[in-house]
1. Would you pick out the residues in segment 34-65 that are open to solvent by 10 Å² or more (accessible area, probe 1.4 Å) and within 16 Å of the ligand (Cβ to nearest atom)?
2. Identify all residues within segment 111-135 that are buried (at least 20 other Cβ atoms within 10 Å of the Cβ) and in contact with a Ser or Thr (Cβ under 7 Å, 6 or more places away or on another chain); write none if there are none.
3. If I filter segment 13-29 for residues that are hydroxyl-bearing (S, T, Y), more than 16 Å from the ligand (Cβ to nearest atom), touching a residue at least 24 places away in the same chain (Cβ under 8 Å) and assigned to a helix (DSSP H, G or I), do I get at least one hit?
4. Looking only at segment 204-231, count how many residues are assigned to a strand (DSSP E or B), of a type in the set (V, I, T) and touching a residue at least 60 places away in the same chain (Cβ under 8 Å).
5. Using the structure shown, decide if R97 is within 23 Å of V193 (Cβ to Cβ), at pLDDT 95 or above, surrounded by fewer than 22 Cβ atoms within 10 Å (Cβ to Cβ) and away from the ligand (no atom under 16 Å from the Cβ).
6. Could you tell me how many of the residues in segment 66-79 are touching a Leu at 6+ places or on another chain (Cβ under 8 Å) and either over 16 Å from N164 (Cα atoms) or more than 10 Å from the ligand (Cβ to nearest atom) (or both)?
Amino acid sequence: MEVVIRPDAEAAGLTAAGIVQQSLADGVTTIGLATGSSLTEVYRDLARRHRHEGLTFSDVDAFLLDEYVGLPALDPQALTQVIRREPADHVDLDPARLHLPAGTAADPAAEARRIEQHLTETGPVGLQLLDIGVNGHIGFNEPGCSLASRTRLKTLTDDTRRENARIFGGIDEVPRHVITQGLATIGEAAHLVLIATGPHKACAVAAAVEGPVTAACPASVLQLHPHVTVVIDELAAARLQQKAYYRCIERHKPVGQRY
Ligand code: GLP
């Protein structure tokens, strides 16, 4: 696992967007998208690179990680709308190649199985972007979930619903159920890039990066993946014990050491 610490959220966004750009230049054609406040700067910078530097997504399939169950497709809080507003509408992604979970499917469990099947046929994902919840979730894989989980219907914890109430205007408005790629599904991507910014993410980042691998912190499963880059700002890095070592690795990275 490579841990890259940047002074602030904007710099972290630039670094992560640079990783995406490099991956596409290296031939990645399938990417995984996530939602979350830590990704705002990443998506902003990808849009800028598209406008000013010729970065193109025209040959890319993009999969969204998760979605609330039951929100109307055009609800502004539906993650499919968030992903359209943030990166998708600002770059040249082919709408037919933007693959979104249908939160309004009559049978959400069957929709989850369809996504898993689709990923098997189109994947593997070359580069997966991730944010992290304050309770250590990635996607909507909540604490206690199986480290071997696949895409499925899940129930949110009240902690997550409380956390997201600020966006919905009240906890009662936050759906209780979601469709999310599982931890094992996410782990099939060749390269995972977790972005976390802000002081409220510091405990989750420390648990994920330096704590034990445990379902109590679903993001800790990333420690078992062969290629993970964690891009964080100083505030999110505040509780890491090995900050000096991560900086040393970045400063002295020899040619040939990939991660
Ligand atoms: C939602 C997403 C998660 C993300 C989390 C963090 O819950 N489903 O994938 O990790 O948001 O959001 P924020 O960074 O806004 O706290």
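1. Within segment 34-65, T35, G36, S37, T40, E41, R44 meet the criteria.
2. A112, I115, L119, V125, L127, D131, G133
3. Of the residues in segment 13-29, the ones hydroxyl-bearing (S, T, Y) are 15, 23, 29.
Right, trim to more than 16 Å from the ligand (Cβ to nearest atom) and you get 15, 23, 29.
Narrowing the set further to residues that are touching a residue at least 24 places away in the same chain (Cβ under 8 Å) leaves 15, 23, 29.
Applying the additional criterion that residues be assigned to a helix (DSSP H, G or I) yields 15, 23.
Taking every residue of segment 13-29 in turn, at least one turns out to be hydroxyl-bearing (S, T, Y), more than 16 Å from the ligand (Cβ to nearest atom), touching a residue at least 24 places away in the same chain (Cβ under 8 Å) and assigned to a helix (DSSP H, G or I).
4. Our first condition is that a residue be assigned to a strand (DSSP E or B); within segment 204-231, this holds for 214, 217, 228-231.
Filter once more, so that each one left must be of a type in the set (V, I, T): 214, 228-231.
After this cut, where a residue has to be touching a residue at least 60 places away in the same chain (Cβ under 8 Å) as well, the list is 228-231.
Selection size over segment 204-231: 4.
5. Working: within 23 Å of V193 (Cβ to Cβ): yes; at pLDDT 95 or above: yes; surrounded by fewer than 22 Cβ atoms within 10 Å (Cβ to Cβ): yes; away from the ligand (no atom under 16 Å from the Cβ): yes.
Considered against the rule, which asks whether it is within 23 Å of V193 (Cβ to Cβ), at pLDDT 95 or above, surrounded by fewer than 22 Cβ atoms within 10 Å (Cβ to Cβ) and away from the ligand (no atom under 16 Å from the Cβ), R97 comes out as yes.
6. Taking segment 66-79 as the starting set, the residues that turn out to be touching a Leu at 6+ places or on another chain (Cβ under 8 Å) are 66-69, 77-79.
Checking which are either over 16 Å from N164 (Cα atoms) or more than 10 Å from the ligand (Cβ to nearest atom) (or both) leaves us with 69, 77-78.
The total comes to 3.
Listed here are the residues, each with its yes/no results for (1) within 14 Å of the ligand (Cβ to nearest atom); (2) open to solvent by 60 Å² or more (accessible area, probe 1.4 Å); (3) in contact with a Ser or Thr (Cβ under 7 Å, 6 or more places away or on another chain); (4) without any contact (Cβ under 8 Å) to a residue 12 or more places away in the chain.
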{"residue": "L153", "(1), (2), (3), (4)": "no, yes, no, no"}
{"residue": "T157", "(1), (2), (3), (4)": "yes, no, no, no"}
{"residue": "A165", "(1), (2), (3), (4)": "yes, no, no, yes"}
{"residue": "R176", "(1), (2), (3), (4)": "yes, yes, yes, no"}
{"residue": "E188", "(1), (2), (3), (4)": "no, yes, no, no"}
{"residue": "L194", "(1), (2), (3), (4)": "yes, no, no, no"}
{"residue": "T197", "(1), (2), (3), (4)": "yes, no, yes, no"}
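The values are calculated or read from the model by the stated rules, or taken from the named source; none is laboratory data. All figures in this text were calculated on a predicted structure; none of them were measured in a lab. Neighbour counts are summed over all protein chains in view; Cβ atoms, including those assigned to glycine, are modelled from backbone coordinates with ideal geometry. The area values use the complete protein model at the heavy-atom level, side chains included, leaving out ligands, DNA and RNA. Shrake-Rupley method; radii C 1.70, N 1.55, O 1.52, S 1.80 Å.
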